[in-house]
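Report on the following structure.
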Amino acid sequence: MTTVLEPPKVKQILTDGILLHNVSWSTYESLLADHPDVPSPHFTYDRGDLLIMVLSPEHEGINDVFKLVINVLAEEFGIESQSFGSMTLKREELQRGFEPDSCFYFKNEASMRGKKRLDLSEDPPPDLVVEIDITHPSLNKLPLFAVFGIPELWRFDNERVEIYLLREGEYTKSDSSSALPLVTAEAVTMFVQESWKLGRLEWTKKVREWARQQKKEAS
């Protein structure tokens, strides 16, 4: 007897995207193959649910701020870092995959030098993932990130930054970062908000001055 597969169904229409149900893994991989190395759209797949998000200029502008903040702070604190941007992270055996807004290696930076592609069957997951959630999509990504073993998540909801650390398979909110010690959610929120009011050169200078003051106070 032949099994008839049900077609994908629209689960929810969102401001900047759509959530589909009953999507096969092969369909997900076909969509990825049709959109290689492009910043938008982003695809998030979780056991048959597929979230397709189109990234707005506002979203990408905020993402650029986060990337610059993280790179500047890592440099000032003398921490080696490696960015993999929004590279697709997927594992077929888990039937899950996603594209972070940004992701970084710190602890495992040395082992990732020179890598052009990520293979999570061999490579460690990123040490830090940034999630910019200004439109509040209905697919809860925290359990998805936890399954991949992402140690730290920075989430921005268009008002404030929240830092989550993975502990015993679940995320708990934290006031400060583990990947970048001395960095707090309050400070990163301040940096993001100031980036909307200051020129880039003045803003970057303030981030550096803050980092140097933290090092001075900690020594």
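The values are calculated or read from the model by the stated rules, or taken from the named source; none is laboratory data. Keep in mind that this is a model prediction, so the values were computed, not measured. Cβ: placed from backbone, ideal geometry, glycine included. Neighbour counts: every protein chain shown. We work out accessible area using only protein heavy atoms, side chains counted, and drop any ligands, DNA or RNA first. Shrake-Rupley method; radii C 1.70, N 1.55, O 1.52, S 1.80 Å.
Classify the range 9-162 from the C-alpha gyration tensor, please: rounded if a/c falls under 1.5, else prolate or oblate depending on whether a/b exceeds b/c. Because a/c hits 1.5 or more and a/b fails to exceed b/c, the range 9-162 counts as oblate. Report, to the nearest whole %, how much of the accessible area of the range 67-219 belongs to carbon and sulfur atoms, 1.4 Å probe, protein only. With neighbouring chains kept in place, the figure for the range 67-219 is 45 percent.
Per residue of the chain, the DSSP helices (runs of n ≥ 4 H) give a summed -39500 (n - 2.57) that works out to -10000 deg cm²/dmol at 222 nm.
Here the label points at residue 172 and residue 67, each 7 Å from Cα along the C-beta direction, are separated by 3.3 nm in the simple model. With the simple spin-label model, which puts each label point 7 Å out from Cα in the Cβ direction, the residue 216 to residue 117 separation comes to 4.9 nm. Among the GluC sites (Glu not before Pro) within the range 151-219, those in coil by DSSP and having at most 14 neighbouring Cβ atoms inside 10 Å are 159, 168.
Determine the alpha carbon to alpha carbon distance for each of 90/141; 67/115; 67/206; 115/205 and list only those over 21 Å. Over 21 Å Cα-Cα: 115/205.
For the chain, the longest principal axis of the alpha carbon atoms and the long axis of helix 200-218 meet at an angle near 70°. Taking a cut-off of 15 Å between Cα atoms, list the aspartates and glutamates near residue 173, but don't count ones fewer than 8 places away on the same chain. Within the straight-line limit of under 15 Å, residue 173 reaches these aspartates and glutamates: 131, 152, 157, 162, 186. With respect to the chain, whose longest principal axis is taken over its alpha-carbon atoms, helix 185-195 is tilted by about 90°. Rounded if a/c is under 1.5, else prolate if a/b beats b/c, else oblate: with a ≥ b ≥ c from the C-alpha gyration tensor eigenvalues square-rooted, which is the range 151-219? It comes out oblate by the Cα gyration axes.
Here the gap between residue 189 and residue 47, fully extended at 0.36 nm per residue and compared with their Cα-Cα distance, gives a gain of 47.8 nm. Straightening the chain between residue 25 and residue 54 buys 8.4 nm, computed as 0.36 nm per residue apart minus the Cα-Cα spacing. Solvent-accessible surface of the range 60-219, taken per residue with a 1.4 Å probe and all protein chains present: 50 Å². Amide H to amide H, with H built 1.01 Å from N, residue 102 comes under 5 Å of 130, counting only residues 5 or more places away or on other chains.
Principal-axis analysis of the Cα atoms of the chain puts helix 25-34 at an angle of about 60° to the longest axis.
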